[in-house]
Amino acid sequence: MSLLDLFRANKRAKPTAEAARDRLQIVLAHERISRDGDDFLPRLQKELMEVIARYVAVDQKKAVVKLDRGDDVSTLEIEIELPTPTAGERRTERVQQAASNG
Amino acid sequence: MSEVIVVTSGKGGVGKTTTSAAFATGLAMRGYKTVVVDFDVGLRNLDLIMGCERRVVFDIINVIQGEANLKQALIKDKRVENLWILPASQTRDKDALTKEGVEAILAELRKTHDYIVCDSPAGIERGAHLALYFADQAIVVTNPEVSSVRDSDRILGVLASRSQRAEEGRDPVKEHLMLTRYDAARVERGEMLKVDDVQDILAIPLLGIIPESQSVLNASNQGVPVILEDGSSAGRAYADAVGRFVGEDIPHRFAVPEKKGLFSRLFRGAA
């Protein structure tokens with residue numbers, strides 16, 4: 001402790017080197033796995049949307065793919081917003097349903 | 001037997017050129033015929049750090065394009081025996097650097113020199129790739145700072161997969177860690193990554209710890225490789241690293257703060 005340290009406001013600031021080490025270990029562990037593979041997320045998103053579009057009408061712009069690389073668990077989160085049917089479509093649907101119910 | 005050594009890092013501004021200049025000078029001082037080659041086409045700076053900027057006539061691109069021969073382009077250092085500099089071009093762009101051209105120059109230099117030190121540009125594009133492609137050994141220059149460590153890891157990946165040795169399935173490029181701008185006092189306070197942490201993360205042998213030192217700027221101001229600066233801690237650290245490189249067993253002496261006098265202990269944190 002030097003004399004000047006006594007007057008420093010934030011002398012109790014938490015050491016940050018540990019955070020640097022921990023963050024690097026996590027990010028590099030993941031980067032090494034996919035080191036030579038290209039970034040697959042855009043392709044994943046495109047292919048997923050193609051499959052889903054075969055069954056439901058979806059807006060390509062309303063899909064969000066998120067990847068969170070954690071220490072113990074990594075999550076892949078895919079959020080696709082389905083459009084609300086317009087009034088006309090809802091009526092047709094009802095008619096079809098009624099017909100099939102006999 | 002001559003060896004091609006690339007000095008690389010991925011990230012810019014971590015001390016590649018300072019290291020190339022000091023290391024090549026150190027090898028030459030030990031009697032090895034050494035040439036240091038600037039691969040940073042378009043952003044040449046090795047000439048300034050080596051203090052020969054006013055003696056550049058031809059450069060590596062002139063040689064590749066057949067406008068000059070290698071002998072004309074090599075600049076012999078005036079202070080140290082056995083030391084030559086091959087400057088990069090300042091006016092052309094990186095595309096003028098071709099794999100065949102670089103290969104031919106290195107093959108010719110191998111005949112006349114013991115060590116060929118290649119000063120890589122930053123990044124992982126063409127210039128950086130060609131600087132490391134033909135390497136036998138690599139000195140990875142890293143600062144104890146997250147972005148530098150990450151980029152070093154990336155460049156180690158490139159060395160392991162895209163060097164000529166890797167492509168031809170030969171023995172891998174021998175890797176060395178040069179940790180620069182190390183501030184042991186900040187490490188003690190927990191503000192900077194420890195050398196052990198960086199080495200743990202990158203998992204390559206430690207060649208040298210270069211302490212943060214004002215003499216590096218002073219030396220570059222004057223165009224003197226820092227290894228030639230008397231009394232400079234960074235200079236001594238580079239000299240030690242050269243010794244280790246050629247097989248001597250030298251302990252790392254800059255991992256702990258240097259002892260300070262009473263005055264500096266009172267006024268600068270020696271906590």
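The values are calculated or read from the model by the stated rules, or taken from the named source; none is laboratory data. A quick note: this is a predicted structure, and the numbers were derived from the prediction, not measured. Positions of Cβ are generated from backbone atoms using ideal geometry, with glycine treated the same way; all protein chains shown enter the neighbour counts. With ligands, DNA and RNA removed, areas are computed over all heavy atoms of the protein, side chains included. Shrake-Rupley method; radii C 1.70, N 1.55, O 1.52, S 1.80 Å.
Partners of A:Lys14 within straight-line reach, counting lysines whose Cα lies under 17 Å from its Cα and excluding those fewer than 8 residues away in the same chain: B:Lys194. For a modelled paramagnetic label at B:Lys99, 7 Å from Cα along Cα-to-Cβ, the residues of the range B:151-165 in reach, with backbone nitrogen under 17 Å, are B:158-165.
Take each residue in A:18-30, count the other chain C-beta atoms within 10 Å of its C-beta, and the mean is 4. Each helix, a run of at least 4 DSSP H residues, gives -39500 (n - 2.57); summed and divided by the residues of chain B, these come to -11500 deg cm²/dmol at 222 nm.
Of the residues in the range B:192-218, those shielded by at least 20 Å² of accessible area once partner protein chains are present, compared with the chain alone at a 1.4 Å probe, are B:Leu193, B:Asp197, B:Ile201.
In the full protein context, the protein assembly as shown carries 55 Å² of accessible surface per residue, based on a 1.4 Å probe and ignoring ligands, DNA and RNA. Amide H contacts for B:Val117 (H built 1.01 Å from N in the peptide plane; partners 5 or more residues away or on another chain; cut-off under 5 Å): B:Ile5, B:Val35, B:Val36, B:Val37. Bridge orientation summary for the protein assembly as shown: considering DSSP beta bridges with both residues in this region, about 25 percent are antiparallel. Here A:Lys61 is the anchor, and the aspartates and glutamates within straight C-alpha reach of less than 13 Å, apart from those fewer than 8 places off in the same chain, are A:Glu50, A:Glu79, A:Glu81. Taking only Cα atoms of the range B:84-188, what ratio of Rg to Rh do you get with Rh as the Kirkwood inverse-distance radius? Radius of gyration relative to Kirkwood radius: 1.00. Kirkwood radius and radius of gyration were both taken over the C-alpha atoms of chain B, and their ratio Rg/Rh is 0.97.
Backbone phi angles across the range B:85-94, fed through the Karplus curve with coefficients 6.51, -1.76 and 1.60 (θ = phi - 60°), yield HN-Hα couplings of 10, 10, x, 8, 7, 9, 9, 8, 9, 4 Hz in residue order; Gly and Pro are listed as x. With 25 Å as the limit on Cα-Cα distance, the pairs of B:Lys71/B:Lys99; B:Lys99/B:Lys174; B:Lys16/B:Lys99; B:Lys78/B:Lys111; B:Lys11/B:Lys174; B:Lys11/B:Lys259 that go past it are B:Lys11/B:Lys259. Split the accessible area of the range B:107-209 by element, probe 1.4 Å, and carbon with sulfur accounts for 43%.
Straight-line cross-link reach from A:Lys66 at under 16 Å between alpha-carbon atoms covers these lysines, not counting any fewer than eight positions away in the same chain: A:Lys46.
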